[in-house]
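Reviewing the structure listed below.
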């Protein structure tokens, strides 16, 4: 698993915030979309109205922490008619799996979306395993000898292998 999909403490915080903070502006989380695209893991976080200089992105071991701050656009003396926007500090922590490389993380902010690109470690990439064949031969004294060859090996290599097997079994 590359990201923790369910955080019971975050859910508890969210429910408590909805219940008890009618007019207060408490610490909030940001909506997220996570996906794998080729050799990268992409995380998009919604941060509308947040400036670059108000985003703090840190990586410690396998934990990526995002903190952002958005302030009200009101001026002193403005009469507020309706205010449904969230202000203050927003925070989110992402727990990366061992298959991701936090040292290669890059980030960009465009159109209110913070995009994190995290490369998948090369050793965790799927790789093709070539199948070989095993030939077993019995020598005159009852000993068994086996030689492994690839299916795509040329005829010359097969002859060399057969000759080497003959030499080792006649000694």
Self-check item: Ranked 73, 32, criterion: other C-beta atoms within 10 Å, fewest first
Solution: 73, 32
Self-check item: Fewest-first sequence of 72, 106 by Cβ atoms within 10 Å of each Cβ
Solution: 106, 72
Exercise. Rank-order 53-64, 35-46, 80-91 by packing density, defined as the average count of other C-beta atoms within 10 Å over each peptide's residues, highest first.
Key: 35-46, 53-64, 80-91
Quiz item: What is the calculated FRET efficiency for residue 36 to residue 85, with r their C-beta to C-beta distance and R₀ = 45 Å, to the nearest 0.05?
Solution: 0.85
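Only the coordinates and a few stated rules stand behind these numbers; no lab work does. Quantities reported herein were computed from a predicted structural model and do not represent experimental measurements. Positions of Cβ are generated from backbone atoms using ideal geometry, with glycine treated the same way; all protein chains shown enter the neighbour counts.
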